[in-house]
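All remarks here apply to the structure that follows.
Every read-out reported here was derived from the displayed coordinates using simple, explicitly stated rules and does not represent laboratory data. Keep in mind the model is a prediction, meaning the values are calculated, not measured. All Cβ positions, glycine included, derive from the backbone under ideal geometry; neighbour counts span all protein chains shown.
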């Protein structure tokens with residue numbers, strides 16, 4: 001649950017977007033943060049945690065201290081939390097509700113294909129082979 005308390009500070013929700021805990025990403029996030037779990041727990045304790053009994057304002061202060069004291073750990077934490085959040089169906093739906101095209105991943109729809117133009121895209125370096133098709 002500690003991981004989700006952190007995620008809630010970073011992603012509290014609002015304006016049509018769910019909070020981190022409303023997405024159901026707890027298990028996936030915990031597994032993705034397993035490699036830094038001990039470092040993260042030590043950083044939380046050093047910054048004034050545990051987070052569970054703290055008020056939202058106190059949680060923000062602890063997370064701010066972690067960001068200041070452990071910037072590399074915090075950067076990794078933030079990256080993993082954000083990537084996990086934006087993969088969740090509820091978040092994808094919130095983005096699409098804004099009339100923005102959004103694929104949770106490049107597949108299955110992938111990026112929009114562009115036509116191959118031999119004058120631009122054909123190799124010009126002279127190494128290997130290329131057969132026009």
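Could you check which residue among 21, 55, 30 shows the biggest mean-square fluctuation in a GNM of the chain with a 10 Å Cα cutoff?
Greatest mean-square fluctuation among the candidates belongs to 55.
Whole percent per 10 Å bin, from 0 to the bin with the longest distance: what is P(r) over all C-alpha pairs of the range 33-105?
Binned Cα distances yield the sequence 18, 37, 26, 17, 1.
For helix 56-69, report the angle its Cα long axis makes with the longest principal axis of the Cα atoms of the chain; keep it between 0 and 90° and round to the nearest 10°.
60 degrees
Fully extended, how many nm does the chain gain between residue 32 and residue 2 (0.36 nm per residue separation, minus their Cα-Cα distance)?
That pair, residue 32 and residue 2, stretches by 9.4 nm at full extension.
Per the helix-only calculation at 222 nm, which mean residue ellipticity applies to the chain, given -39500 (n - 2.57) for every DSSP H run of n ≥ 4 and division by its residues, nearest 500 deg cm²/dmol?
That calculation yields -14500 deg cm²/dmol at 222 nm.
Pick out which of 67, 114, 27 has the largest mean-square fluctuation in a Gaussian network model of the chain, springs linking Cα atoms closer than 10 Å.
Looking only at 67, 114, 27, the biggest GNM fluctuation is shown by 114.
What nm distance separates the two modelled labels at residue 129 and residue 92, each placed 7 Å from Cα along Cα→Cβ?
The answer from the label model is 4.1 nm.
How far apart, in nm, are the 7 Å Cα→Cβ label points at residue 55 and residue 78?
2.5 nm
Could you state, as a whole-number percent, how many of the C-alpha pairs of the chain are farther apart than 25 Å?
44 percent
What distance in nm separates the simple spin-label points at residue 15 and residue 114, each placed 7 Å from Cα in the Cβ direction?
Going by the 7 Å Cα→Cβ label model, 3.0 nm.
Mind checking the angle between helix 37-46 and the chain's longest principal axis? C-alpha axes, 0 to 90 degrees, to the nearest 10.
That helix lies at roughly 40 degrees to the long axis.
GNM, the chain, Cα, under 10 Å: largest mean-square fluctuation among 45, 119, 84?
119
Counting pairs of alpha carbon atoms under 8 Å apart in space and at least six apart in sequence, what relative contact order in percent does the chain give?
About 24 percent, as a whole number.
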